[in-house]
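**Q** Pasting a structure here, questions to come.
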Amino acid sequence: MDISYIILIPLIPLAVFLLLGIFNQKIKPAVSGYVGVFGLLASGILSLYAAYQYFFIIGKVDGVYQTFVDKTVWMKFTETLQIDMGILIDPISVMMLVVVSIVSLMVHIYSRGYMKGDGGYTKFFAFLSLFSFSMYGLVLATNLFQIYMFWELVGVSSYLLIGYYYTKPSAVAAAKKAFIVTRFADLGFLIGILIMGYYTGTFDFETLNNPEGSAILNWASTSFMGLSVITWALLLIFIGGAGKSAMLPFHIWLPDAMEGPTPVSALIHAATMVVAGIYLVARLFPMFYFVEHGFALNIVAYVGAISSLFAAIVAITQTDIKRVLAFSTMSQLGYMMMALGVSGYDGHEGVGYMASMFHLFTHAMFKALLFLGAGSVIHAVHSNYLKDMGGLRKYMPITNITFLIAALAIAGMPPFAGFWSKDEILVAAFEHNKLIYYIGIFVAGLTAFYMFRIYFGIFWGKEKEYEHKPKESPLSMTFPLMFLALLSLVGGLIPFSEFVSADKVGFEAHLNYPLAAIAVGVCLVGIILAWVFYKKENSLADKWANAFGPFYIWASDKFYFDEIYLFITKKILFKRVSAPIAWFDKKVVDGTMEGIGNKTVLTSKKIKGLQSGKVQDYAFAFVGGTVILALVFIYLWTN
Amino acid sequence: MIDGISIYDLLTLTTILFFIGVYGFITRKNLISILISVELILNASVVNFVVINKYLYPDMLQGVYFSIFIIAVAAAETALAVSIIISLYRQINSVEVKDTEVMKY
């Protein structure tokens, strides 16, 4: 069956971007909103159809999900090493198509309400479409180089959208920070790609990931500093993934990225772009698993677990609700990385891989919902800070209910979506690495606690003095909330393991009751603690915070990661390295060149008086010269 | 061949004529006078052609034809120069050479 129509899925948003971008000033805002929404709607319908076609009609042959590739050669280096452009259809790319489509469509619809009356309305939709195009391209990439190109494109669209309020200095700084930090991590990615290409002779995912292929079988052929070069390449590629997915220590850009408009946070910094790192590791999963017996995969697991724990602790102390959500995103991304890290390959062993993708799917829904809900609240009270909120449940019933559903889903209460995926992650961790399991279960408790801390803080607690009486958002904003809430409710019931698994065979996942009971218990403890602390305004929370003393302050200052980066860049790099180089460049290199130029100008100033502009002077010089020459010749002749 | 006048006398005459022209070209302040000086230089060369034709190759006519040719070109050139001078006069109300040095440096 023909799958080439899938190429339209990225191309439609690209066309929308070009249309809105080129005719930015000529299109009325109302029209541009519809163009954006309908473009995405078309892509979304195609994505859902592709998913249906793939999973139920053509995908499965003899019980194994096939990989379909439709590509053309773009650049050819040698007989084997070439860069293709094309689309790759396999379970995870189709799953990502669905995620990107749904969240992006919802965010487009939501933005029509949220951005109403904003000066750059059309520009905003153009950027959103550019992002959707890049994300689809990233998901469908057939080789490392193609994924890298779209990787940078999503980085650029993220930069453009974080800096959307470009008159605000903090937004500009955040945009630059996000771009530079991820770009720095992408340097690792690029080096990794080049090493991989050099030693395996291919960039192609299919060839690389084949467990019987030469790339995996010959991993031990060359080694460097005690590890296989392929492992080094994978670790470098993972650095790129860690940068995009805000893993330690590249997470510093994500909280600042919240300066962008809230729909952008929901789409890019919660549901889609930030999972690109997870997707990349999942895309190369057979390599990570087989090369050097999973050494790189272990690193992935620990980086994920530590990031998850770190972010959950910081999230408890933040007072800006969007920042709480940002750290929560980072924590959940860590969870997914961790699940990939503890995964095996065959059948039920691959439960971590499947759980990670499952969590990616459910997390996209409920985290987008949380952000959009937070945006709705911010829209109503015009503040990001918890201290300005309280008792909003009476004014915003729909936001309240949907936010509660999302909070329960992320906390992991059955039967909401998060419970199912989180349970699988914990099962995988329990079976493979007990230490990571304990971290995971602790983070689950923290997640429930900080999420209900902001839930109670926003919707319960003491009512604040509001300048304008807050009111429920318009339908264009509440419809996406309700739709995503529905998905957060039922999303977990999808038999995900049948569709997505590491070896593409599919297996039947069962609920592990004792582990599920522990997880739910921990989650309940977190919720109850939050209920005691924050449902009614009381001093208990402050007392506990004081009891933790300096640790609380460290956490609320995000463990000084920003300060460490500033110290390294400003004090060491700029002052000790860049400044002397700049001095050499300015004084020595520029000095020489400018000296030559200056001398030329000086000389010409001195002799330009000869050009008097009087024809007779020139004639005199000419005749005089001729006469002198004639005399010289005559003199020479006669002697 | 003219009796009693050698080729040297005639060449001396044209040389003197030529340098009078050059002197006038360099020292005159008025553009019209400069134009007249240029004509003197041209005439000196025309006479040279005729003289050399007559004294050295008396059975040929190229020098004479060249002279006629040069006279025609000189006429055209004079017409051009005068029209330039007139147009210049309309612009700056002067035909003094000192007023036409805007193109220096």
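The values are calculated or read from the model by the stated rules, or taken from the named source; none is laboratory data. The structure displayed is predicted, hence computed values, not measured ones. Using ideal geometry, Cβ is built from the backbone for each residue, glycine included, and neighbour counts are taken over all protein chains shown.
**Q** Of the numbered conditions (1) outside any helix (DSSP H, G or I); (2) within 14 Å of B:L11 (Cβ to Cβ), B:F49 fails exactly one; give the number of that condition.
**A** (1)
**Q** I've got another one for you. Within the group A:F145, A:F125, A:F150, which residue is more than 23 Å from A:Y54 (Cα to Cα), more than 16 Å from the chain's Cα centre (by Cα) and surrounded by fewer than 24 Cβ atoms within 10 Å (Cβ to Cβ)?
**A** On the way: A:F125 fails: surrounded by fewer than 24 Cβ atoms within 10 Å (Cβ to Cβ); A:F150 fails: more than 16 Å from the chain's Cα centre (by Cα).
Matching residue, one of A:F145, A:F125, A:F150: A:F145.
**Q** Answer yes or no as to whether A:I87 is assigned by TED's automatic domain parsing to the domain that holds A:Y49, out of contact with any Ser or Thr (no Cβ under 8 Å at 6 or more places or on another chain) and modelled with pLDDT of 85 or more.
**A** Working: assigned by TED's automatic domain parsing to the domain that holds A:Y49: yes; out of contact with any Ser or Thr (no Cβ under 8 Å at 6 or more places or on another chain): no; modelled with pLDDT of 85 or more: yes.
No.
**Q** Scan region A:439-481 for residues that are within 30 Å of A:I306 (Cβ to Cβ) and β-branched (V, I, T) and jot them down. Before the answer, list the steps.
**A** As a first pass, look at region A:439-481 and keep what is within 30 Å of A:I306 (Cβ to Cβ): A:439-458.
Answer for region A:439-481, where residues must be within 30 Å of A:I306 (Cβ to Cβ) and β-branched (V, I, T): A:I439, A:I441, A:V443, A:T447, A:I454, A:I458.
**Q** Looking at this structure, is A:V377 over 22 Å from A:G412 (Cα atoms), among the β-branched types (V, I, T) and surrounded by 24 or more Cβ atoms within 10 Å (Cβ to Cβ)?
**A** Values: over 22 Å from A:G412 (Cα atoms): yes; among the β-branched types (V, I, T): yes; surrounded by 24 or more Cβ atoms within 10 Å (Cβ to Cβ): yes.
For A:V377, the condition - over 22 Å from A:G412 (Cα atoms), among the β-branched types (V, I, T) and surrounded by 24 or more Cβ atoms within 10 Å (Cβ to Cβ) - is met.
Residue-by-condition table, conditions (1) charged (D, E, K, R); (2) under 13 Å from the mean Cα position of the chain (by Cα); (3) at pLDDT below 90:
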{"position": "B:L17", "(1), (2), (3)": "no, yes, no"}
{"position": "B:Y23", "(1), (2), (3)": "no, yes, no"}
{"position": "B:N48", "(1), (2), (3)": "no, yes, no"}
{"position": "B:L80", "(1), (2), (3)": "no, no, no"}
{"position": "B:T100", "(1), (2), (3)": "no, no, yes"}
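**Q** So is B:L88 within 14 Å of chain A (Cβ to nearest Cβ) and either within 12 Å of the chain's Cα centre (by Cα) or at negative phi (or both) or not? Lay out the reasoning, then the answer.
**A** Numbers: within 14 Å of chain A (Cβ to nearest Cβ): yes; either within 12 Å of the chain's Cα centre (by Cα) or at negative phi (or both): yes.
The answer is yes for B:L88.
**Q** Looking only at residues in region B:1-15 that are more than 13 Å from B:V50 (Cβ to Cβ) and modelled with pLDDT of 90 or more, which one is surrounded by the fewest Cβ atoms within 10 Å (Cβ to Cβ)?
**A** Looking at residues that are more than 13 Å from B:V50 (Cβ to Cβ) and modelled with pLDDT of 90 or more, I get B:Y8.
**Q** Would you please name the residue that is farthest from B:I36 (Cα to Cα), looking only at residues in region B:53-85 that are more than 14 Å from chain A (Cβ to nearest Cβ) and of a type in the set (G, A, S)? Full working, then the answer.
**A** We begin by selecting, within region B:53-85, every residue more than 14 Å from chain A (Cβ to nearest Cβ); these are B:53-80, B:82-83.
Applying the additional criterion that residues be of a type in the set (G, A, S) yields B:63, B:67, B:72, B:74-76, B:79, B:83.
Details: B:G63: 23, B:S67: 18, B:A72: 16, B:A74: 11, B:A75: 12, B:A76: 14, B:A79: 12, B:S83: 14 Å.
Only one residue fits best here, namely B:G63.
**Q** While we're here: How many of the residues making up region B:1-43 are among the small types (G, A, S) and away from chain A (no Cβ under 14 Å)?
**A** Taking region B:1-43 as the starting set, the residues that turn out to be among the small types (G, A, S) are B:4, B:6, B:21, B:24, B:33, B:37.
Next, only the ones that are away from chain A (no Cβ under 14 Å) stay: B:4, B:6.
Looking only at that region, the number is 2.
**Q** Turning to a different aspect of this structure: Just to confirm my filter: which helices (runs of 4 or more DSSP H) fall fully inside region A:511-559 and include at least 1 residues that are in contact with an Asp or Glu (Cβ under 7 Å, 6 or more places away or on another chain)? Please lay out each step first, then the result.
**A** Numbers: elements: A:513-534, A:540-548, A:550-556.
Hits in region A:511-559: A:513-534.
**Q** A further question on this structure: Return the residues of region A:47-97 that are within 22 Å of A:T362 (Cα to Cα), buried (at least 18 other Cβ atoms within 10 Å of the Cβ) and under 26 Å from the mean Cα position of the chain (by Cα); say none if nothing qualifies.
**A** A:S47, A:A50, A:A51, A:I89, A:D90, A:P91, A:I92, A:S93, A:V94, A:M95, A:M96, A:L97, listed by residue number.
**Q** Also, quick follow-up: Just need a number here: residues in region A:67-114 that are more than 17 Å from A:S134 (Cα to Cα) and polar (S, T, N, Q).
**A** So the count comes out to 6.
**Q** Can you tell me which residue within region A:615-635, out of those that are among the aromatic types (F, W, Y) and within 13 Å of another protein chain (Cβ to nearest Cβ), is surrounded by the fewest Cβ atoms within 10 Å (Cβ to Cβ)?
**A** Initially, region A:615-635 is screened for residues among the aromatic types (F, W, Y), giving A:618, A:620, A:622, A:633, A:635.
Checking the rest, the ones that are also within 13 Å of another protein chain (Cβ to nearest Cβ) come to A:618, A:620, A:622.
Numbers: A:Y618: 14, A:F620: 15, A:F622: 12.
Across region A:615-635, the extreme among qualifying residues is A:F622.
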